[in-house]
Amino acid sequence: MTHVLWVALFSGFIVLGAVAGALIPLFATQQERLVTFLSFAAGVMFGAAFCHMRPEALRGGGYIAFSLVPLGFLSLFLLERYVLVHVCEEPPDFAHHGSHGPVGLAAFLGLSAHTLFDGVALGSAVTEGVGAMAFLAIAAHKVPSSFSLASIFKSEGKSHSAILLYATAFGLMVPVGALIYLGLNSVLRFVSFAPQALAFSAGTFLYIAVSDLLPHVNRHGKEGRSRTLLALILGLLVMFALTFVTERAHPG
């Protein structure tokens with residue numbers, strides 16, 4: 001398959017995952033498993049960044065590309081700090097307390113900005129042959145993110161149809177980001193552009209895991225510390241085990 005077809009396939013599943021994540025708070029009342037899911041997602045994103053994206057960036061672009069990892073981390077930090085009003089991964093009981101004002105819209109804009117970066121990561125990962133690993137990491141993050149977004153909108157009294165529309169638009173930021181990357185890649189035509197973009201994306205993955213997911217787990221997972229720790233380790237182990245698959249794709 002071509003890179004565009006792979007991106008379309010992975011993006012389709014991610015959008016479906018975002019919609020599925022939004023359906024949970026609409027029709028279910030048990031939300032305590034969100035913290036465990038977020039912990040697993042953090043492990044997957046760490047594993048994707050360290051075990052797959054970083055090595056491929058180093059392999060394809062050398063240490064110059066690798067130096068862009070902290071730039072990706074810093075860029076997402078600055079975007080949140082000075083541009084976006086970011087509300088990410090609200091506590092599972094958020095909807096029970098109610099909310100007022102444009103909190104849902106702020107969460108949607110902040111999470112959508114992240115998702116654009118995830119799309120860039122997916123596009124660069126597909127180009128470098130590790131698209132499946134980036135897909136797993138993004139999907140693991142999008143489902144709980146959509147869950148949280150839907151919970152916020154539900155607490156604000158949004159209709160089910162409106163919530164699902166927001167969740168779909170949120171998920172569609174992945175193919176938008178991927179297409180932006182593929183378009184730039186076709187125009188710039190730098191040999192090292194894909195590895196550099198992949199290294200930059202690895203930095204954004206690390207930021208999401210460190211700044212968004214794990215702090216939420218620390219705040220709201222105190223009653224199930226062992227469970228969340230095991231989920232984090234499991235996410236890391238899954239991505240580490242998949243390194244053997246990618247090594248076969250890149251022998252020597």
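Summary table
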read-out	value
Protection proxy ranking, peptides 164-171, 223-230, average beta carbon neighbours within 10 Å, highest first	164-171, 223-230
Mean Cα-pair separation over length for the stretch 115-214, i.e. relative contact order, pairs under 8 Å, 6 or more apart, %	50
Ranked His216, His3, His114, criterion: other C-beta atoms within 10 Å, fewest first	His3, His216, His114
Residues Lys158, Lys142, sorted so that the one with the fewest Cβ neighbours within 10 Å comes first	Lys158, Lys142
For a label point 7 Å along the Cα-to-beta-carbon line of Leu26, residues of the stretch 123-153 with backbone N under 19 Å	142-153
Range of Cα positions in the stretch 147-201 per principal axis (Å), largest first	50, 18, 11
Thr168 versus Leu234: modelled label distance in nm, points set 7 Å from Cα along the beta carbon direction	3.2
Order of Glu128, Glu156 under a 10 Å beta carbon neighbour criterion, fewest first	Glu156, Glu128
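FYI, it's all coordinate maths here, none of it is from the lab. All of these numbers come straight from a predicted model, not from anything done at the bench. Using ideal geometry, Cβ is built from the backbone for each residue, glycine included, and neighbour counts are taken over all protein chains shown.
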